[in-house]
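Since the structure comes first, as structure tokens, the remarks are kept for the end.
The values are calculated or read from the model by the stated rules, or taken from the named source; none is laboratory data. The structure presented is a predicted model; accordingly, all values stated were derived computationally and were not measured. Methodologically, a virtual Cβ is constructed for each residue, glycine included, from the backbone with ideal geometry; neighbour enumeration extends over all protein chains shown. The protein model used for the area step is the full one, side chains on, heavy atoms only, and it has no ligands, DNA or RNA in it. Shrake-Rupley method; radii C 1.70, N 1.55, O 1.52, S 1.80 Å.
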Amino acid sequence: SKAPADTGGFRGMVSPTVEVLLRTSYERLDETTREAARRLGIMAAKPSTFDVEASEAVWGSADSRETMRTLVRRGLVEKAGVGSFMMHRVLSMFAKRLLGQDPAEMYDAGKRHSDHFLRVLKQATELYFEDARRWALMLGTNWENLRRGWAWAVSYSGEDVDAARLCVDYMDAGERWFTLHLSPEEHASWTREALESARLLDDIPAEAMNLIRLSNAYTRVGRYQEAREVSETALELYRQIGNKAGEGG
């Protein structure tokens, strides 16, 4: 059929006819599966992958393997290996656009996604001294979703205590990985976000720790005077709360 005139939400990236086809496939799903398809729009698109545990976290339900099988059969999700899945970029954009029509659902899916990938980050960090290769493989596989989980937390951190706490916790759990895989400028930017979140939460130890991280990031790019200034601020905070270990560091 001729595509209706009100299509074209992808702004020319796909034809209106393709969008109608996607919408028709989506509308033929039952409501539970439609919600699952929408919520997967929060995931990073192909070639990034996710597992059943990640999808169940975003859906807020356990033992949803039949739902995943339905999405795979309908071509809305691709298998990427044993227990591993991915969404084509166009399908991901379509799902995210549908998800964005309900701000409450968008918020819920985003928070669940951010919470889940923080857990992944913490699990991987526990592996670091035991098996650095597994640590790197686990975080490399999930890197784009970790970035997306962080970005969600940052986007709400100024108005949402839970999101601010996520920012602080992401930086604590991912310090080694972020130092290695972010440019010095981006690392400084992420650290400033975690610092602002710590201040919002009135978490002085976290504020001091992120000042030290920011000093290290500034040192890496040759901003030595700024590095010294934030280190001195951290020192005063540690003295204020009587943290001798932090003061010594």
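Structure summary
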item	result
CD proxy at 222 nm, helix term only [per DSSP H run n ≥ 4: -39500 (n - 2.57); per residue of the chain; nearest 500]	-22000 deg cm²/dmol
Potential lengthening between His88 and Glu226 on full extension [0.36 nm per residue; Cα-Cα distance subtracted]	45.3 nm
Label assignment, Kirkwood radius over Cα pairs in Å derived from the structure, set (i) 19.2; (ii) 22.0; (iii) 20.0	(iii)
List Arg38, Arg165, Arg89, ordered by accessible area with a 1.4 Å probe, largest first	Arg89, Arg165, Arg38
FRET efficiency, 1/(1 + (r/R0)^6) with R0 51 Å, evaluated for Ile204 and Asp30 via beta carbons	0.50
Portion, in percent, of the accessible area of the chain that falls on carbon or sulfur, probe 1.4 Å	50
Per residue accessible area of the chain, 1.4 Å probe, in Å²	52
Extension gain, Ser189 back to Asp102 (0.36 nm per residue minus Cα-Cα distance, nm)	28.3 nm
Global form of the stretch 95-241, assessed from the alpha-carbon gyration tensor, a/c cut-off 1.5	oblate
